[in-house]
């Protein structure tokens, strides 16, 4: 990674998004950080960093996204950390209505498709290498381990499993369709990220790992930087699992 590299991070106001922006800035890259709500980004990073540009972007607004990508200056990579969902997201299986399921698929998977589509169009216009990193999940790869949610109000949402598994295949679709070594689409599949979950859940989760338990957002950045860099220049259509063995 070079000091003149420029990267776009979508959903940069979230737990993982902010951490990715920090890692890129630490590696002297220029970063365009977008979110539907930029307040937390502005509060966290301020306005006095010449490497960082903070911009509003609604990943579910097709007109806005298309215009954004058509007007962006050349970039080297895209990291999509956005996580759009509706107010009913996260209900247990038999409480999920068809309308809510369809809505969440549209919001999250639809946005992922739109970002990949417009990134591919940008690559063809700028005619220079572009690496896209999406965020899938271990639950886009293996079935949920529902026993770890017992004695909590938590569950593993069915929408999440459908969306994250589809993202893994969209990587392959776009890489195959564009068919150019300079255009790469990959994803990471994190294990659980610590975010003040109940102790009962954390204890059961840890028993299914090699000892680390829930991971931190910072544990994801090395793999993301690798996939953005020239060190992975012939890796495409792949999904990198980072879970301390939880999915074994």
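The values are calculated or read from the model by the stated rules, or taken from the named source; none is laboratory data. Keep in mind the model is a prediction, meaning the values are calculated, not measured. Ideal geometry is used to build each Cβ from the backbone, glycine not excepted, and the neighbour counts take in all protein chains shown.
Overview of results
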| read-out | value |
| --- | --- |
| All positions within region 189-238 that are over 30 Å from residue 153 (Cα atoms), crowded, with 20+ Cβ neighbours inside 10 Å and either at pLDDT below 95 or in contact with a strand residue (DSSP E or B) (Cβ under 6 Å, 6 or more places away or on another chain) (or both) | 224, 227, 228, 236 |
| Residue check for residue 55: without any contact (Cβ under 8 Å) to a residue 60 or more places away in the chain and either within 24 Å of residue 188 (Cβ to Cβ) or in contact with a strand residue (DSSP E or B) (Cβ under 9 Å, 6 or more places away or on another chain) (or both) | yes |
| Conditions (1) assigned to a helix (DSSP H, G or I); (2) in contact with a strand residue (DSSP E or B) (Cβ under 9 Å, 6 or more places away or on another chain); (3) more than 26 Å from residue 205 (Cα to Cα): number failed by residue 132 | (1) |
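Here is a yes/no grid of residues against (1) over 23 Å from residue 234 (Cα atoms); (2) in contact (Cβ under 8 Å) with a residue 40 or more places away in the chain; (3) surrounded by fewer than 17 Cβ atoms within 10 Å (Cβ to Cβ):
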{"position": "95", "(1), (2), (3)": "yes, no, yes"}
{"position": "109", "(1), (2), (3)": "yes, yes, no"}
{"position": "114", "(1), (2), (3)": "yes, yes, no"}
{"position": "124", "(1), (2), (3)": "no, yes, yes"}
{"position": "133", "(1), (2), (3)": "no, yes, no"}
{"position": "151", "(1), (2), (3)": "yes, yes, yes"}
{"position": "157", "(1), (2), (3)": "yes, yes, no"}
{"position": "167", "(1), (2), (3)": "no, yes, no"}
